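Engineer: Here it is: the structure, laid out below.
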Amino acid sequence: MPKLTVDGIEVEVPAGATVMQACEAAGAEIPRFCYHERLSIAGNCRMCLVEVSPGPPKPQASCALPAADGQIVSTRSAKTQKAREGVMEFLLINHPLDCPICDQGGECDLQDQSLAYGKGHTRYLENKRAVTEKYMGPLVKTVMTRCIHCTRCVRFAEEVAGVEEIGAIGRGESMQITSYLEGAVRSELSGNIIDLCPVGALTSKPYAFEARPWELKRTESIDVMDAVGTNITVHTRGAAVMRVTPRLNDEVNEEWASDVTRFAVDGLQRGRLDAPYVRTGGKLARATWGQAFDAIKAALAGVGGDDIAAVAGDLVDVEAMVALKDLLGQRGSTRHECRTDGGTGLAADRSHYRFNTGLAGIERADVVLLVGTDPRHDAPLLNTRIRKAVRKGGAKVFNVGPAADLTYPVTELGDDAAMIGDLPAAVVDALTGAARPAVIVGGGVADAVLAAVHALAARFGLARDGWTGINVVHTAASRVGALDIGFVNDAGWAGLVARPATVVFNLGVDEVDVPGGFKVYIGHHGDRGARAADVIVPAAAYTEKSGTYVNLEGRVQRGRRATFPPGEARDDWTIFRALSAVLGAALPYDDLRALRARIASEWPHLADEGLTAAPWVAPAAASGGATLFGSLASPPRDFYRGNVVARASATMAACVAEIVEAAEPALEAAE
């Protein structure tokens, strides 16, 4: 490990570290535009110049210079200061004076660093260069005259997103950054180039000219658009959510967010339920809370036990499901279900429905077998982890299921489920010889397929010391939490369909039709579930309440209220608490703290945020063989319209028209 001196401070850094990393270890601030710790080193901007001895008699780019034993580095010398001022002067030669109208204003690296390292004047009086705008789709707004050619967007698209659609054309002063044929960038992660851009060249198109950073209130929360549990910051002004940006968490989402996470928030302002409704004479009519509760009480009169049922949707927090489960328990019912995709084999043990390797851990896998899942659309940030395992670790990936472009090399094995029990020799050899093999199965596969995957776990020893390679990919943010609290029944979703209940509480299920007689819908959008309801009670969306969510790896995380729900809408759990009092037996908690204490008493691992170990428990059926037949093909997940918030979003509708529907004729022509 090399030892070097930075501004008089001796530091020791790992072998292979750069001088920039050594400087940061010593507490020195190094300005940069092109360097990013999650991207390859480009050395374009030259802003990170430092003086190094021994070495040439000129400042050197610290981002690309390996740290060596005995180096003496100066980050504050006169020569270094002059060099940085010169670089900044060159960068500003052609940069337009757009700060008053630029959406990057207030959070712009160029503004900050020109203030700290600039000369304060310029010697150049020539006309500035102008660049024509480039079209990158409905999400990213471009003003390429501001571009300083750091190539962060190019490297992100190629290395992280795996969609090589952004690049540079021309040379020297004629160099320009553009998308391929100036078309829409077809990536589920394209919005991240907005955060990466150090100037105002790439900004959010839906958010353009909407607000300034200092006008917004920031609230740290958790995303619910998929089961990854992306850590986010919700930016609000008054009652409106203006934008959502990712928050750093190396174990979950690093510093990225999917496009639905980032841009679907305009759906929070459209199609909202803001008052109770009761169906009278076949039509839904606006009502008071008292009238809605009276209608529910009348429907429950004389009804008890399993004639009452409850179903939970994809965006629901743990607190709401526990309160609903307790309410049904008072009425003697155990018919509650969350697995709206039909599976019943995931509830036996916690290790059977988690992503056991962890999101960060999958990067260490050397062989990955995908079964009935498309991680690029089911969990885009998981897909970036698998891509990293392939690019940096040389992992081999095999796929049993419909062929898909996953942005990395995949050996397609077909979509016949029988393939799981009769793997080709190449796959058997790879799994047998792997140090860290992993099988990733979709959460919606049939029980027989899941049993066959468990048999693979026993056959190839996927669970071994320090490694558990059996993983389930869920697409619903609420699913793991619901399974944790036992929001399931033995008959599963098929049992609810076969014997509909007299009264059904529908907690935010909008993706499928809910069977039952009298239907009570508790949700925040007037979507499929609300249209079929007999009583609608308006609830809060994920940005409007504090709630607990458990991501696909079993990590407990807490979302926090950023704004208040519209009109008469209320937090889900408070609705069930108020209804229980009307029914004559109030639930034993009056505030969120008391409810969480009740949850912790029965499920201790949900008491605190974090990841609790769940050792693999081999199922009894793992040693037996399951008869498999049929195709694993299923309708692909509608990435841009996967839930009620996204379906209400005009931005997501534009993505569907521009990226999905526009691509279908081209695919048909190619076929």
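Engineer: Rounded, prolate or oblate: pick one for the stretch 59-178, where a ≥ b ≥ c are the square roots of the eigenvalues of its C-alpha gyration tensor, a/c under 1.5 means rounded, and failing that, prolate if a/b is larger than b/c, else oblate.
Structural biologist: Oblate shape, in that a/c is at least 1.5 and b/c is the bigger or equal ratio.
Engineer: Sticking with this one: By how many degrees, between 0 and 90 and to the nearest 10, does the Cα long axis of helix 572-582 differ from the longest principal axis of the chain?
Structural biologist: Helix 572-582 sits at roughly 20 degrees to that axis.
Engineer: Compare the peptides 531-540, 296-305 by average per-residue count of other Cβ atoms within 10 angstrom and give them in order, highest first.
Structural biologist: Most protected by this proxy first, the peptides run 531-540, 296-305.
Engineer: Cα convex hull of the stretch 266-312: mean projected area in nm², to one decimal?
Structural biologist: 5.0 nm²
Engineer: Could you tell me what percent of the DSSP beta bridges with both partners in the chain are antiparallel, to the nearest 5?
Structural biologist: Percent antiparallel among DSSP bridges in the chain is about 55.
Engineer: In 5 Å bins starting at 0, how do the alpha-carbon pair distances of the stretch 255-402 split up by percent?
Structural biologist: Spelled out bin by bin, the stretch 255-402 gives 2, 7, 9, 13, 15, 13, 11, 10, 8, 6, 4, 2, 0 percent.
Engineer: Then there is this: Taking the C-alpha atoms of the chain, how large are the radius of gyration and the largest Cα-Cα span, Dmax, in Å?
Structural biologist: So, for the chain, Rg and Dmax equal 27.5, 91 Å respectively.
Engineer: What does the helix-only formula give at 222 nm for the chain: each DSSP H stretch with n ≥ 4 adding -39500 (n - 2.57), the total divided by the residues, and the result rounded to the nearest 500 deg cm²/dmol?
Structural biologist: -7000 deg cm²/dmol
Engineer: Taking the chain as the reference, fit the longest principal axis to its C-alpha atoms, fit the long axis of helix 318-330 to the helix C-alpha atoms, and give the angle between the two in degrees, 0 to 90, nearest 10.
Structural biologist: 10 degrees
Engineer: By average Cβ neighbour count within 10 Å, what is the ranking of 8-20, 375-387, 26-38, 124-136 from highest down?
Structural biologist: Taking the mean over residues of other Cβ atoms within 10 Å, the ranking is 375-387, 26-38, 8-20, 124-136.
Engineer: Using +1 on the beta carbon of Lys and Arg, -1 on that of Asp and Glu, and nothing else charged, what's the dipole of the stretch 309-418 about the Cα centre, debye to 20?
Structural biologist: Roughly 420 debye for the stretch 309-418.
Engineer: Which of 63, 105, 443 sits farthest toward the positive end of the charge dipole of the chain, with +1 on the Cβ of Lys and Arg and -1 on the Cβ of Asp and Glu?
Structural biologist: Highest projection toward the positive end goes to 105.
Engineer: Sticking with this structure for a sec: Any idea which of 472, 143, 303 is furthest toward the positive side of the dipole for the chain, if Lys and Arg beta-carbons carry +1 and Asp and Glu beta-carbons -1?
Structural biologist: Final value for the positive-end residue is 143.
Engineer: While we're on this one: Hey, could you pull the Cα Rg and Dmax for the stretch 340-492, both in Å?
Structural biologist: 14.5, 44
Engineer: Another one. Compare the peptides 519-525, 230-236, 163-169 by average per-residue count of other Cβ atoms within 10 angstrom and give them in order, highest first.
Structural biologist: 519-525, 230-236, 163-169
Engineer: What do you get for GluC sites (Glu not before Pro) in the stretch 298-371 restricted to DSSP loop and a cutoff of at most 15 other Cβ within 10 Å of the site's Cβ?
Structural biologist: none
Engineer: Only loop residues by DSSP count here, and only those with at most 16 other Cβ atoms within 10 Å; note down the trypsin sites (Lys or Arg not before Pro) in the stretch 425-480 that meet that.
Structural biologist: Sparse-neighbourhood loop trypsin sites (Lys or Arg not before Pro): none present.
Engineer: While we're looking at this one, here's another question. Straight-line reach only, C-alpha to C-alpha below 17 angstrom: list the lysines that residue 545 could link to, leaving out same-chain residues fewer than 8 apart.
Structural biologist: Within the straight-line cut-off, residue 545 pairs with 217.
Engineer: Given charges of +1 on the Cβ of Lys and Arg and -1 on the Cβ of Asp and Glu, with all other atoms neutral, how large is the dipole of the stretch 305-357 about its Cα centre, in debye to the nearest 20?
Structural biologist: Rounded to the nearest 20 debye, it is 140 debye.
Engineer: Would you mind telling me the share, in percent, of accessible area of the stretch 22-114 contributed by carbon and sulfur at probe 1.4 angstrom?
Structural biologist: The computed percentage sits at 55.
Engineer: Roughly how many percent of the accessible protein surface of the stretch 489-569 is carbon and sulfur, given a 1.4 Å probe and a whole-percent answer?
Structural biologist: 52 percent
Engineer: Taking only Cα atoms, what is the 0 to 90° angle, nearest 10, from helix 289-300's long axis to the longest principal axis of the chain?
Structural biologist: So the inclination is approximately 50 degrees.
Engineer: Enter the accessible area per residue of the chain (Å², integer; probe 1.4 Å; all protein chains in place).
Structural biologist: Normalised by residue count, the accessible surface of the chain is 40 Å².
The values are calculated or read from the model by the stated rules, or taken from the named source; none is laboratory data. In this text, all values refer to a predicted model and were calculated from it rather than measured experimentally. So basically every Cβ, Gly included, is an ideal-geometry build from the backbone, and we count neighbours across all protein chains shown. Ligands, DNA and RNA are excluded from the accessible area calculation, which covers all protein heavy atoms including side chains. Shrake-Rupley method; radii C 1.70, N 1.55, O 1.52, S 1.80 Å.
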